[in-house]
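Enquirer: Here you go, one structure.
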Protein chains: 2
Amino acid sequence: MNPDILKERQSATFDVEKLTHILDGGPEKTRRRREIESLVINDPDFQHEDPNFMSRSERYDLAVKKSAQMILKLREYGIADPDEIYCYKSLFRGNCHEALGLHFVMFIPTLYSQCDPQQFKKWVPLAESFQVLGTYAQTEMGHGTHLRGLETTATYDPATQEFVLNSPTVSSIKWWPGGLGKTSNHAIVLAQLHTLGNCHGLHAFIVPIRNMSTHEALPGIVVGDIGPKFGFHEVDNGFLKLENVRIPRENMLMKYAQVEPDGSYAKPPSSKLTYGTMVFIRSMIVGESARALSKSCTIAIRYSSVRHQSEIRPGEPEPQILDYQAQQYKLFPLLATAYAFHFVGQYMNTTYHRITGDISQGDFSELPELHALSAGLKAFTTWAATAGIEVCRMSCGGHGFSCSSALPDIYVTFTPTCTYEGENTVMMLQTARYLVKSYRQAQAGQQLSGIVSYLNEAEQRRVQPQPVSARPTVVNINDLASLVEVYKLRAAKLVELAAKSIQQELQHRKSQEDAWNYSAIELVRASDAHCHYVVVKLFAAKLAEIGDTAVHSVLSTLALLYALHGIAQNSGHFLQAGLLSVPQVLQVSVRIKELLSQLRPNAVPLVDAFNYQDAMLQSVLGRYDGNVYENMFEWARRSPLNRTEVHESYHKYLKPLQSKL
Amino acid sequence: MNPDILKERQSATFDVEKLTHILDGGPEKTRRRREIESLVINDPDFQHEDPNFMSRSERYDLAVKKSAQMILKLREYGIADPDEIYCYKSLFRGNCHEALGLHFVMFIPTLYSQCDPQQFKKWVPLAESFQVLGTYAQTEMGHGTHLRGLETTATYDPATQEFVLNSPTVSSIKWWPGGLGKTSNHAIVLAQLHTLGNCHGLHAFIVPIRNMSTHEALPGIVVGDIGPKFGFHEVDNGFLKLENVRIPRENMLMKYAQVEPDGSYAKPPSSKLTYGTMVFIRSMIVGESARALSKSCTIAIRYSSVRHQSEIRPGEPEPQILDYQAQQYKLFPLLATAYAFHFVGQYMNTTYHRITGDISQGDFSELPELHALSAGLKAFTTWAATAGIEVCRMSCGGHGFSCSSALPDIYVTFTPTCTYEGENTVMMLQTARYLVKSYRQAQAGQQLSGIVSYLNEAEQRRVQPQPVSARPTVVNINDLASLVEVYKLRAAKLVELAAKSIQQELQHRKSQEDAWNYSAIELVRASDAHCHYVVVKLFAAKLAEIGDTAVHSVLSTLALLYALHGIAQNSGHFLQAGLLSVPQVLQVSVRIKELLSQLRPNAVPLVDAFNYQDAMLQSVLGRYDGNVYENMFEWARRSPLNRTEVHESYHKYLKPLQSKL
């Protein structure tokens, strides 16, 4: 153990294990998680070369191998609980993705939710025995977030009782689905259904794409890998061009809508049946934001405690870089954010399951709010985490740029969350739509319920632009409850400004739609402020649940730092709305510096509490024992470029160059 | 040509070619640049596979090949002017780095500046004929920015008249130098010189590391590649461990300091002789920031003009995504920033050459200011560009994540500038040191000259915290000169706050050094505000040079957007300092939206004016002709994973899995 990091652990003012239990959701969950993790760590199949040393083809090969291994091992161990499967897989696959990811996450669930009974009986056993390897082909080259724009067609031919699928343009080629390029032999294809001369919009079809015994592409199917990406190297995101591909009528998923043999169409009872899945996945991503950021903080903070550099006082030994205020200011607010997002993730998970219960009993009342909240928080947390990972990486100096730090992998694996499952700006605008609608309802005197009810209060208080001096300042910057209140008022103010911007644009004789577009900046800002309020509020609420005094104390410090740092970063909003005075904003800066010093002795213990195994982090810089440099040297020596003493390019190009000159 | 992008070009309100001349520095420079570029583009050797489809070893191989080719071609064409060589190479190497980069940029220049006459006669011809392939080994695994901390030793042995070089610890292993791993046969090694029992600090030594005919590592030399990184895949950044390596006394670079045969030491006349090179490289990086950001804007804006998505008005065709205000708000401020940085880069280049002239005539007076300015602007521009590239990437939706967009390459190639040649936070603190020193001089009544002279004015005006209402507002937010003034006053205010923070910390009985450390947040903020002021000021100054009315008009719009967007992002500072009122900040938001609409028709022409050839951008999304999708399909089909129809992993893992279940 590196003596610096040992010393850091001795300075903890709280019991790290107790905090780990809170993060896991109880001591029993911690115990079970560790049990599952030890299954992976002690498994000889888990040992493998660093994927960073492999070609893309080798990485893909490893991912397929791991996918197959995981299926067999999970059955062997009898692990069936979804949370436990998640836990097992996330360690086993490391920073890689699962080759059969979409088979599990999209293909099988879609079969479960959209097959009629006969289809269910046919396809589910095939998929669960992996005879059918499936993916979900929705996105096209020219069409992402806006589903109505998809161009792929499925035209019913009553003569043969078949659908004929086509990609009528280049931009209609299916693009991006994971596992489509090489792995899958079937795809659920989303296509515009045409029958008897009418188009009935998007429907889902099971399309065989590869021969089930030779795995070769079927006639009319042009399928392949879409090429290298920023990350996801081991994933065969694919393309699929359909050229008059015929499938039986029974391959349209018919639980809700049907096409009869004669071509007549029966429409589904409701168009909102897939609402729930989207909400679920976006809620999950909030938790992913917390994980990506907490891993990055673990690496950067541990490394900052063993890295010595420069000097504070001349002649003295080089200090740990964690002693520099500038370094603390980079990392501690991110550490606070990681905790905040973790608790928000827990809340989203619980809320989702509660509301799903309500829905199954016919109560849909909370769904719109959850939908708006999950969209906004997905965007809010993924943007913050994606930027935060890079701050962590750059806080490690040059070594953060080395793949041995794992930070490049964490970044490229995480950053797509800003785009997939709903592009972030679009998500923020969806949340804004709900906020503006709620604001107008409040204005019309309607009593709102749930998290937007503050828009009623604001209406009653008639928040208006006014000079700072005219508003009595009641905020106590040392009191979290008071800060929650000020975040709430800021959100109310910015929602109001956005709604007013729309009104003003309408007065310039613009249509409702143009007025909305010309208010997009204000709308995104309003959503952002709303989400920020929710996060601060949920962090504060979490503190009330914590009994242990020492843990409560350190988490309170983090929550205060999170709230005050957010104010410092957005001080203009708070000043503009007259919520804080100029002297208070100056006090906030001073208080932040005190909180950084206060957190300093607990920094390493706070990342230890996330309890990531070294095997999970796969980071030389983030090692628990702090023995960074000797292991970095060992890692580098395994670099493929070191397999030969003299690279062939020397003989091919440099030797001849020397002789030519 | 895609009809959308054609229409964009027809809407230009200015002559694109005239703006290109301004960016190049005159029509003759544009002509010559294009002449050189056409040499590359028409060269059959320039055609090669996309490096994204290659393994690291193949990429390194290609880089070495290109380096050798460029040397021969430049001689053949007789291109010898440094700017022209830069122009040729930057196109020829594309988004890759040069295998012999450090040989040209560090090794040979160091020989020129630090060899004594005999050494010069011996080493320069060897290096210029590439018998000696050199690199510059300074950074160690545990030591970067703080040079005094380097641990490598060179101990003089008078008995044999040799130096004995050693890496005494793991953390002292040389780490990161480009070309060290596989390419170089010599390294200039920075080591602590010990002779006759005394240590005389860092000196430079020429150390042979590989046999000049077999290229094998020499005895006592442990050398290799440091392994894969976030980017720079084709570069063999290396490690070097020295184990009792003996070199002749004459291999110490002796122009300034000498060790006599008996071991006696003569110290150099001045310790600041390498000051100039650092300043030069940092100034150059400002230009690199402009290039990286202008390339990214070119790609994102062109793609946003051909990409249609979602709907503004129901039932109408999907609009170009450039018509969304949210998209404009992401991209147009970055476009303005790219222009701003381009002009700042031009200024830094001119200033560097002017001051170098002064220095050669013995006038060092402006060097400290240039040093402070280049440090701060290097950090300011690289941070802004590195974040901006990612905004551009994410503004392209999923396709930005594909390597075919080139945005991932641009990012990973550029982001290291935040760390190398002086870590950005350290750079900001260096600039802050100069600012605080200047502020104290101004307080002491001294008249400052140059760019910091505003600290005198501020002192005279006694800027102090006061309520907004007490200060008469004189700022005209539509007048650039007025905005330059307000940026200046903000900088003055934040320098004052930083200096006062140090004073306050000192009152808490802290040492000068601790007071400095505990004011780091304020110091970085002050530097940032100073640099921001300089950029706005230089952008405004550039406008005065532009005669063409139409070009002047569009650049004025960009400059105004740059200035107002910076105010909106930092509105807290301006409100806090009483420089703007709350209603003015609201007006700024409204004005920004007007400027976005105003710039919309010129967006594509403004990126066209950067005049990047398709061969330079290497981006499917950024193609001049806008024919994105068909070319993306072509590109994907060349993906190495598509070389076989069925990947071997199917037979190895998936088939057996099916039979096991």
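The values are calculated or read from the model by the stated rules, or taken from the named source; none is laboratory data. Quantities reported herein were computed from a predicted structural model and do not represent experimental measurements. Reconstructed Cβ throughout: ideal geometry from the backbone, glycine too, with neighbour counts over all protein chains shown. Note: areas computed on protein heavy atoms with side chains; ligands, DNA, RNA excluded. Shrake-Rupley method; radii C 1.70, N 1.55, O 1.52, S 1.80 Å.
Enquirer: How about A:Lys488: which aspartates and glutamates have a C-alpha closer than 13 Å to its C-alpha, ignoring those fewer than 8 places off in the same chain?
Expert: Filter leaves A:Glu457, A:Glu459, A:Glu496, A:Asp528.
Enquirer: Placing unit charges on C-beta atoms (Lys and Arg positive, Asp and Glu negative, everything else neutral), compute the dipole magnitude of the protein assembly as shown about its Cα centre in debye, rounded to 20.
Expert: 1440 debye
Enquirer: Put a point 7 Å out from Cα along the line to Cβ at A:Asn478; what are the distances to that point in the other copies, in nm, shortest first?
Expert: 4.9
Enquirer: Next question. Total accessible area buried between chains B and A, 1.4 Å probe, in Å² to the nearest 100?
Expert: When B and A are taken together, about 11600 Å² of accessible area is lost.
Enquirer: Along its principal axes, what span do the Cα atoms of the protein assembly as shown show, with the longest given first and each in whole Å?
Expert: So the three principal-axis extents are 102, 76, 68 Å.
Enquirer: What number do you get for segment A:115-240 when its Cα radius of gyration is normalised by 2.2 N^0.38 Å, N = residues?
Expert: The reported ratio for this selection is 1.07.
Enquirer: Continuing with the same structure: Rounded if a/c is under 1.5, else prolate if a/b beats b/c, else oblate: with a ≥ b ≥ c from the C-alpha gyration tensor eigenvalues square-rooted, which is segment A:220-295?
Expert: Judged from the Cα gyration tensor, segment A:220-295 comes out oblate (a/c at least 1.5, b/c at or above a/b).
Enquirer: Okay, next question. Helix-derived [θ] at 222 nm for the protein assembly as shown: sum -39500 (n - 2.57) over DSSP H runs of at least 4, divide by residue count, nearest 500?
Expert: Computed ellipticity for the protein assembly as shown at 222 nm equals -17000 deg cm²/dmol.
Enquirer: What FRET efficiency comes out for the pair A:Arg148/B:Lys660, r = Cβ-Cβ distance, R0 = 45 Å, nearest 0.05?
Expert: About 0.55, to the nearest 0.05.
Enquirer: Output the relative contact order of segment A:291-374, whole-number percent, from Cα pairs under 8 angstrom with separation of 6+ residues.
Expert: Across segment A:291-374, relative contact order equals 24 percent.
Enquirer: Something else: Calculate the dipole size of segment B:100-211 relative to its Cα centre from +1 charges on Lys and Arg beta carbons and -1 charges on Asp and Glu beta carbons; express the result in debye to the nearest 20.
Expert: Taking the Cα centre of segment B:100-211 as origin, the dipole is about 220 debye.
Enquirer: Sort B:Ser597, B:Ser619, A:Ser659 by heavy-atom solvent-accessible area, probe 1.4 angstrom, most to least.
Expert: A:Ser659, B:Ser597, B:Ser619
Enquirer: Here is a follow-up. Counting heavy atoms of the protein chains only and a 1.4 Å probe, report the per residue accessible area for segment A:553-661 as a whole number of Å².
Expert: Per-residue value: 34 Å².
Enquirer: Output ³J(HN,Hα) for segment B:637-649: one whole-Hz value per residue in order, computed from phi by the Karplus curve 6.51 cos²θ - 1.76 cosθ + 1.60 with θ = phi - 60°, and x for Gly and Pro.
Expert: The phi angles translate into 5, 7, 4, x, 5, 8, 5, 10, 6, 10, 6, 4, 4 Hz.
Enquirer: Charges on Cβ only, +1 for Lys and Arg, -1 for Asp and Glu, centred on the Cα centroid of the protein assembly as shown; of B:Tyr256, B:Ala544, B:Leu654, which one is farthest towards the dipole's positive end?
Expert: B:Ala544
Enquirer: Got the B:Glu457 label distances to the other copies yet, label 7 Å along Cα→Cβ, in nm, shortest first?
Expert: 4.5
Enquirer: Along segment B:119-127, what does the Karplus equation 6.51 cos²θ - 1.76 cosθ + 1.60 (θ = phi - 60°) give for ³J(HN,Hα), rounded to whole Hz, x for Gly and Pro?
Expert: Each residue of segment B:119-127 in turn: 4, 4, 4, 7, 8, 4, x, 4, 6 Hz.
Enquirer: Using the heavy atoms of the protein chains alone and a 1.4 angstrom probe, what is the accessible area of segment A:237-318 per residue in square angstrom?
Expert: Averaged over the residues of segment A:237-318, the accessible area is 41 Å².
Enquirer: Could you tell me what percent of the DSSP beta bridges with both partners in the protein assembly as shown are antiparallel, to the nearest 5?
Expert: 80 percent
Enquirer: Can I ask one more? Starting at the first residue of segment B:259-266, write each ³J(HN,Hα) from the Karplus equation 6.51 cos²θ - 1.76 cosθ + 1.60 with θ = phi - 60°, in whole Hz, x for Gly and Pro.
Expert: Rounded to whole hertz, the list is 10, 6, x, 7, x, 6, 10, 10.
Enquirer: From the Cα gyration tensor of segment B:39-154, with a ≥ b ≥ c the square roots of its eigenvalues, which class applies: rounded if a/c is under 1.5, or else prolate if a/b is larger than b/c, or else oblate?
Expert: Judged from the Cα gyration tensor, segment B:39-154 comes out oblate (a/c at least 1.5, b/c at or above a/b).
Enquirer: Pairs A:Lys121/A:Lys174; B:Lys89/B:Lys542; A:Lys295/B:Lys229; A:Lys29/A:Lys542; A:Lys295/B:Lys241: which exceed 23 Å Cα-Cα?
Expert: A:Lys121/A:Lys174; B:Lys89/B:Lys542; A:Lys295/B:Lys241
Enquirer: Give the average, rounded to an integer, of partner chain Cβ atoms located within 10 angstrom of each Cβ in A:336-346.
Expert: 0
Enquirer: Along Cα→Cβ, 7 Å out, is where each label goes; now give me the distance between the ones at B:Thr13 and B:Asp363 in nm to one decimal.
Expert: The answer from the label model is 4.2 nm.
Enquirer: Simple spin-label model, 7 Å along Cα-to-Cβ: B:Ile312 to B:Arg246 in nm?
Expert: Spacing of the two 7 Å Cα→Cβ label points: 7.9 nm.
Enquirer: Just the projected area, averaged over all directions, of the convex hull on the alpha carbon atoms of segment A:387-443: how many nm²?
Expert: 5.1 nm²
Enquirer: Here's something else I'd like to know. Distances from A:Ser90 to the same position in the other copies: list them in nm, one decimal, shortest first, using label points 7 Å from Cα along Cα→Cβ.
Expert: 4.4
Enquirer: Quick check: from the Cα gyration tensor, does chain B come out rounded (a/c under 1.5), prolate or oblate?
Expert: Note, shape of chain B comes out oblate.
Enquirer: Compare the Cα positions of B:Cys531, B:Leu558, B:Ser519 along the charge dipole of segment B:511-559 (+1 at Cβ of Lys, Arg; -1 at Cβ of Asp, Glu; about the Cα centre) and return the one farthest towards the positive end.
Expert: B:Leu558
Enquirer: Hey, got the dipole for segment B:59-114? About the Cα centre, +1 on K and R Cβ, -1 on D and E Cβ, debye to the nearest 20?
Expert: Value, rounded to 20: 240 debye.
Enquirer: Could you do me a favour and compute the accessible area per residue for segment B:57-194, 1.4 Å probe, result in Å²?
Expert: 34 Å²
Enquirer: Let me cross-check A:Lys65: its accessible surface, 1.4 Å probe, with only protein heavy atoms counted, in Å² to the nearest 10?
Expert: Roughly 80 Å² of A:Lys65 is accessible to a 1.4 Å probe.
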